[in-house]
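Each reported figure results from applying straightforward, stated rules to the coordinates on display, with no laboratory input. From a predicted model like this one, the values you see are computed outputs, not experimental measurements. Positions of Cβ are backbone-derived with ideal geometry, glycine not excepted, and every protein chain shown enters the neighbour counts.
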Amino acid sequence: MNEDMKTNMNSDMNNDIDDNQRDTLTTWLKDAYAMEQGIVEVLERQIGHFDDMPDAQEKMRQHLELTKTHADRMRSCVERLGDDVSHVKSGMANFLGAVQGMSTMMANDKTVKDAMANYAIEYFEIASYMANAAAARELGYDDIADVCEMIITEEQDMADWLEMQLPMVVQQHLLTVVDT
């Protein structure tokens, strides 16, 4: 094999690796988009469960809007890589469905189950965006990594808020159990 053929083969292999790596990142970003879309649905259902907790309900409404923004940011990142999010389905939806199912098992403690599920979801999102940021940075897509890192900060803020609220949600639920 002559040197030109070896050079072309190595170049083709590097292009395949680069394409495969970019495709992997694109798939993960699509998963994040699908995850955010699923969370929008979950939050829309949950907001009514917090009618007797107006401050928590307002925070959830704000987070719903932020979650929609996260989905838009992920769509932009996918498009930046030359793909689109049409027909995106993901295993993330199954995960969110399982967590959401936990919150509806017992009607009398929906707010507690919702708060627990939301706390778990926030950390799942953080892990997802950490992986996406690391992959994007590794592949030279610093702009995409920056978007993911900004979302991590926003998700961590919500997780911190939920951590402070969970004991109060439990306490309020226990008071309603005494009253019934």
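Each of the peptides 121-129, 32-40, 156-164 was scored by the mean count of other Cβ atoms within 10 Å over its residues; in descending order, highest first, they stand as 32-40, 121-129, 156-164. Extension gain for E58-S86 works out to 7.0 nm (0.36 nm per residue, less the C-alpha to C-alpha distance).
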